[in-house]
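Colleague: Structure below; questions to follow.
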Amino acid sequence: MAKQTALYAIHQDSNAKIVDFGGWDMPLHYGSQIDEHHHVRQKAGMFDVSHMTTVDIEGPQAKEFLRHLLANDINKLAVPGKALYSGMLNETGGVIDDLITYYRGENSYRMVVNASTYEKDMVWLNKQIANFDASLVHREGLTTLAVQGPEARQAAMAAMSTTMAEKSAELGPFFCADVDGWFIARTGYTGEDGFEITLPDSAAEAYWNALLEQGVAPCGLGCRDTLRLEAGMNLYGSDMDESISPLEANMGWTVDLKDEQRDFIGRSAIEAEKAAGVKNKLVGLVLEGKGVLRSHQKVIIPGVGEGEITSGSFSPTLKVGIAMARVPTATADSALVEVRNKQLPVRVIKASFVRNGKQVF
């Protein structure tokens, strides 16, 4: 039987289409996935993302543990409240998961991992932390709401207590704050500004209803996927996995090799890959004509080789087919995609299409 969040009854009462996602019953949409997408781009939408796993790492060697565990260097988090995006790699340099880690204070960090990778992540984390004087705690009884869009922060703060709103207003991008048992982070997965707010299950329904009163639209996982694709944000299991290096997943910027003494998991494999020459890269594709790009379609680069679409869809914002694809490193600015036995021309760009409601290519 699938797990259910504290807001499951509300989703049902709102006539949401419920689907299984990572072992959870989650809302796909509440009527129109396209309308929800546009509401986030133009106003504010909210997502129940309580299927994500909250893990706290604490103890004298919490920092040392995370410096070993993550490809990005947790030492960059010098100010409490700062967040860091990183890949968690295996010994061969493949991505076990991508995640955000928050620095909460001395010897205290919070990590949020993907629902679909929870079980293997926890096995891996418990195995690796055994060699460090630090503890790992999976926090339960929590609801996480992502409130996203150009009006999201204003609406989210209007629905909060005065103290919470004041603290939230002070947060810069990729910063967080603990306020009266709520964990408020200025992060997201849509390419829009907003908050990801973790609060006790007991407070979830009241806050959801308060957001509704502020005009925030309930949104499902369907538009969350088109929003993140437009923003050029990776989806685990599609754009990268344990067989894919971050260097081939547009995550090279998250691999920090500056400290030669930092022996993070997967470092030797990454260094060997760089020395040999990275064979592939993750790029964005924009269809030159009509049509829809889909995962696993073949990408043909004349005179260079072939690649494959990892994520594709019709962009509701741009009204054109877009995709992310893994292609040979030598790929330039044009290619062909095989769609129903036809080769359609595509423009090759950096894997980012829309940020803050605007086209970025």
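Colleague: Kindly rank 330-336, 277-283 from highest to lowest mean number of other beta carbons found within 10 Å of each residue.
Modeller: Peptide ranking by packing, descending: 277-283, 330-336.
Colleague: Which length gain, in nm to one decimal place, applies between His138 and Glu306 when the Cα-Cα distance is subtracted from 0.36 nm times their residue separation?
Modeller: Going from the current span to full extension adds 56.3 nm.
Colleague: For region 319-347 and region 137-209, what is the separation of their Cα centres, given in Å?
Modeller: Here the answer is 38 Å between Cα centres.
Colleague: Just need the relative contact order of region 279-359 here, percent rounded to a whole number, with Cα pairs under 8 Å and 6+ apart.
Modeller: 37
Colleague: To continue, here is another question. So which residue, out of Val19, Val147, Val286, gets the largest mean-square fluctuation from a GNM of the chain using Cα contacts under 10 Å as springs?
Modeller: Judging by the Gaussian network model, the answer is Val19.
Colleague: Here's something else I'd like to know. Can you give the extra length, in nm with one decimal, that the chain gains between Glu106 and Ala158 once fully stretched, where that is 0.36 nm per residue apart less the Cα-Cα distance?
Modeller: Length gained between Glu106 and Ala158: 15.6 nm.
Colleague: Nearest 5 percent is fine: what portion of the DSSP beta bridges confined to the chain is antiparallel?
Modeller: DSSP beta bridges in the chain are roughly 95 percent antiparallel.
Colleague: So, counting K/R as plus one and D/E as minus one, what does the shell of residues with Cβ under 11 Å around Thr310 add up to?
Modeller: Its environment carries a net charge of -2.
Colleague: I've got another one for you. Report the relative contact order of the chain, percent, no decimals, based on alpha-carbon pairs under 8 angstrom and at least 6 residues apart.
Modeller: Here the relative contact order equals 18 percent.
Colleague: Still on this structure, please answer the following. Report the net charge of residues surrounding Ile57, where surrounding means a beta-carbon distance below 12 angstrom and charges are Lys +1, Arg +1, Asp -1, Glu -1.
Modeller: +1
Colleague: What list of ³J(HN,Hα) values in whole Hz, one per residue of region 328-339 in order, does the Karplus curve 6.51 cos²θ - 1.76 cosθ + 1.60 (θ = phi - 60°) give from phi, with Gly and Pro shown as x?
Modeller: x, 4, 6, 4, 9, 10, 8, 6, 10, 10, 7, 10
Colleague: Calculate, for Asp241 and Glu166, the FRET efficiency according to 1/(1 + (r/R0)^6) with r their C-beta to C-beta distance and R0 41 Å; round to the nearest 0.05.
Modeller: 0.50
Colleague: In what sequence, highest mean first, do 299-309, 90-100 appear when ranked by Cβ atoms within 10 angstrom?
Modeller: So the peptides 299-309, 90-100, ranked by packing, come out 90-100, 299-309.
Colleague: Which whole-number value in Å³ per residue fits the convex hull of the alpha carbons of region 261-360?
Modeller: Roughly 130 Å³ of hull volume per residue.
Colleague: Could you give me the ³J(HN,Hα) list for region 48-58, computed from phi with Karplus coefficients 6.51, -1.76, 1.60 and θ = phi - 60°, whole Hz, x at Gly and Pro?
Modeller: Calculated HN-Hα couplings, in order: 7, 10, 5, 6, 5, 9, 9, 10, 9, 10, 9 Hz.
Colleague: Quick one: compute the contact order of region 235-304, relative version, from alpha carbon pairs under 8 angstrom and 6+ residues apart, as a percent.
Modeller: 32
Colleague: So what's the back-of-envelope 222 nm ellipticity for the chain, counting only DSSP H runs of four-plus at -39500 (n - 2.57) apiece and dividing by all residues, rounded to 500?
Modeller: That comes out to -6500 deg cm²/dmol.
Colleague: Further question: List the lysines whose Cα sits under 19 Å from the Cα of Lys63, skipping any in the same chain fewer than 8 residues away.
Modeller: Candidates past the 8-residue exclusion: Lys76, Lys82, Lys127, Lys258.
Colleague: Take each of the peptides 45-52, 346-353, average the number of other beta-carbon atoms within 10 Å over its residues, and list them starting from the highest.
Modeller: Result, highest mean Cβ count within 10 Å first: 45-52, 346-353.
Colleague: Summing Lys, Arg as +1 and Asp, Glu as -1, what charge do residues with Cβ under 11 Å from the Cβ of Ala330 carry, Ala330 excluded?
Modeller: +2
Colleague: Shifting gears a bit: GNM on the chain, C-alpha springs below 10 Å: top fluctuator among Asn131, Asn234, Asn107?
Modeller: Asn131
Colleague: Another question, then. Springs between alpha-carbon pairs under 10 angstrom, Gaussian network model over the chain: which of Lys290, Lys17, Lys43 fluctuates most?
Modeller: Its mean-square fluctuation being the largest, the pick is Lys290.
Read-outs throughout are calculated quantities, based only on the coordinates presented, and are distinct from any laboratory measurement. Since the model is a prediction, treat every value here as computed from it, not as a measurement. Methodologically, a virtual Cβ is constructed for each residue, glycine included, from the backbone with ideal geometry; neighbour enumeration extends over all protein chains shown.
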